[in-house]
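Down below is the structure, laid out as structure tokens.
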Amino acid sequence: MTTQTITAAASGTWELGDRTVHRVGFGAMRLPQHGEAFAPDAVPRDRDQAIGVLRRAVELGVNHIDTAAFYFSPLRSANELINRALAPYPDDLVITTKVGPGRDPSGRWLPHATPEQLRGQVEENLRQLGRDHLDVVNLRIVGTDSISERFGALAELRAAGLIRHLGLSNVRPHHLAEARTIAPVVCVQNMYGMGASPEQKEFLRICGEQRIAFVPFYSIAGPGREGGATADDSREVHAIARAHGVSAAQVRLAWALHQGPHVLVIPGTGDPDHLAQNVAAGALPLSADELTVLDALHHENA
């Protein structure tokens with residue numbers, strides 16, 4: 001499959017609130033550094049290369065970028081790179097950010113923000129991105145406790161005009177139900193890919209029924225998580241990739257997109273060639289038989 005002329009438009013669209021985005025987006029987590037994200041010895045990526053990848057992503061039709069103020073490495077911050085590369089921002093570009101976790105300047109993770117601290121995190125994202133409002137803010141959490149106070153604090157900032165839409169990250173179905181009693185939720189960003197559990201698949205289905213975008217992270221990396229994709233794809237995945245003349249990573253992305261029209265993928269890279277391949281995965285036509293094979297792997301690994 002050729003990648004030169006395929007754009008993100010080939011993946012179709014979905015609505016994030018009142019914004020329309022292509023289903024293949026871009027995740028900025030890996031942009032500030034080479035190698036494993038958040039590693040204390042991460043090597044900063046060449047600034048011009050990172051800026052070039054962002055600009056090329058937009059040229060390829062990407063209009064949904066996922067970022068966070070805590071995506072940084074020595075000398076590089078994802079938000080700063082996005083600001084430098086893309087401001088003044090295209091009218092159709094949707095920038096989604098996350099709040100909840102934090103890192104100090106050394107990169108050390110800090111306790112999750114209190115409701116009172118969330119405003120500061122929102123304002124820091126505004127400052128770094130050079131915006132007067134944030135398109136979408138996801139509350140990222142760890143654990144199963146109530147999110148009502150924290151989500152309520154973000155709902156107040158939405159009412160004040162600092163945030164346009166709200167989402168959730170790393171949550172369970174009861175968190176979504178709780179949040180929706182407070183304010184509209186336009187997306188859920190959770191880990192999902194081949195090998196996801198039945199519970200994760202059910203949550204994806206629930207989001208689809210409620211017309212809420214489901215945004216999987218680590219859809220390529222899988223168990224590699226921050227470290228990136230591993231080389232242990234099954235022979236079935238490699239066989240399908242060879243049949244289409246694509247990479248195993250592209251098969252994984254295409255499989256994720258086939259899980260429902262509300263699924264939005266956000267693969268990240270600092271490599272222009274990988275960027276083109278990721279975007280092209282949105283046009284990869286997996287057959288019913290191929291999906292059956294991949295779904296069987298999914299259930300076997302779940």
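The table for this structure:
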{"read-out": "Candidate set: region 38-55, residues that are among the aliphatic types (A, V, I, L, M) and surrounded by fewer than 16 Cβ atoms within 10 Å (Cβ to Cβ); chosen: the one modelled with the highest pLDDT", "value": "Val43"}
{"read-out": "All positions within region 251-269 that are surrounded by 20 or more Cβ atoms within 10 Å (Cβ to Cβ) and either among the small types (Gly, Ala, Ser) or without any contact (Cβ under 8 Å) to a residue 40 or more places away in the chain (or both)", "value": "Ala254, Ala256, Gly268"}
{"read-out": "Only one of Gly120, Gly152, Gly130 that is out of contact with any helix residue (DSSP H, G or I) (no Cβ under 9 Å at 6 or more places or on another chain) and either farther than 30 Å from Val251 by Cβ or surrounded by fewer than 22 Cβ atoms within 10 Å (Cβ to Cβ) (or both)", "value": "Gly120"}
{"read-out": "Residue match in region 30-37 (condition: in contact with a Phe, Trp or Tyr (Cβ under 6 Å, 6 or more places away or on another chain), in a loop (DSSP other than H, G, I, E, B) and surrounded by fewer than 23 Cβ atoms within 10 Å (Cβ to Cβ))", "value": "no"}
{"read-out": "Matching residues, region 266-295, being more than 16 Å from Leu54 (Cα to Cα) and outside any helix (DSSP H, G or I)", "value": "Leu284, Pro285, Leu286, Ser287"}
{"read-out": "Filter pass, Phe203 being at pLDDT 95 or above, under 22 Å from Pro267 (Cα atoms), in a helix (DSSP H, G or I) and not charged (D, E, K, R)", "value": "yes"}
{"read-out": "Filter result (more than 26 Å from Ala254 (Cα to Cα) and of a type in the set (Asp, Glu)) within region 21-60", "value": "Asp41, Asp46, Asp48"}
{"read-out": "Region 93-113, residues that are of a type in the set (Lys, Arg) and either outside any strand (DSSP E or B) or within 17 Å of Ser148 (Cβ to Cβ) (or both)", "value": "Arg108"}
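The values are calculated or read from the model by the stated rules, or taken from the named source; none is laboratory data. None of the values given here were measured: they were computed from a predicted structure. All Cβ positions, even for glycine, are placed from backbone atoms using ideal geometry, and neighbour counts span all protein chains on display.
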